[in-house]
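Notes to accompany the following structure.
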Amino acid sequence: MLIHYIIFLFYLIMQELIFTQKIVDGERKQVILEILADKYCKQILHNTLDKPKPAMDISGEKQIPICTVYRRLQTRL
């Protein structure tokens, strides 16, 4: 259940990035840039743009090891 919440937060961050005009908080900006620079994070974001998904679905659809999906979601948020 916690991972669904983490995925949802990840989704909200991406929505903020897409729909806001400017991100002024330097720390938040750095986190977003780090997420976009990571190939697995980009795949996770791409896979969850339309709706939040369970980590197992992301792993299976994008061929990312499940431990990597969990790690990216936990360390980036």
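Looking at the structure I just gave you, is Lys22 modelled with pLDDT of 85 or more and either of a type in the set (Val, Ile, Thr) or not in a helix (DSSP H, G or I) (or both)?
Judged against the criteria, Lys22 is not a match.
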Q. Can you tell me which residues in segment 26-67 are surrounded by fewer than 15 Cβ atoms within 10 Å (Cβ to Cβ), at pLDDT 90 or above and of a type outside the set (D, E, K, R)?
A. Pro54, Met56, Gly60, Gln63, Pro65, Ile66, Cys67
Q.
Can you say whether Ile6 is at pLDDT below 85, part of a helix (DSSP H, G or I) and touching a helix residue (DSSP H, G or I) at 6+ places or on another chain (Cβ under 6 Å), as far as the supplied structure shows?
A. yes
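Can you tell me which residue within segment 49-77, out of those that are touching an Asp or Glu at 6+ places or on another chain (Cβ under 9 Å) and without any contact (Cβ under 8 Å) to a residue 60 or more places away in the chain, is nearest to His4 (Cα to Cα)? Let's see the steps before the verdict.
Just the residues of segment 49-77 that are touching an Asp or Glu at 6+ places or on another chain (Cβ under 9 Å), to begin with: 53, 72, 76.
Next, from what is left, pick out any that are without any contact (Cβ under 8 Å) to a residue 60 or more places away in the chain: 53, 72.
Details: Lys53: 7, Arg72: 13 Å.
The selected residue is Lys53.
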Q | Every residue from segment 35-77 that is farther than 17 Å from Met14 by Cα and charged (D, E, K, R) | A | Asp57, Glu61, Lys62, Arg71
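The values are calculated or read from the model by the stated rules, or taken from the named source; none is laboratory data. For clarity, every value in this text was computed on a predicted model and none was experimentally measured. FYI the Cβ positions are ideal-geometry reconstructions off the backbone, even for glycines, and counts take in every protein chain you see.
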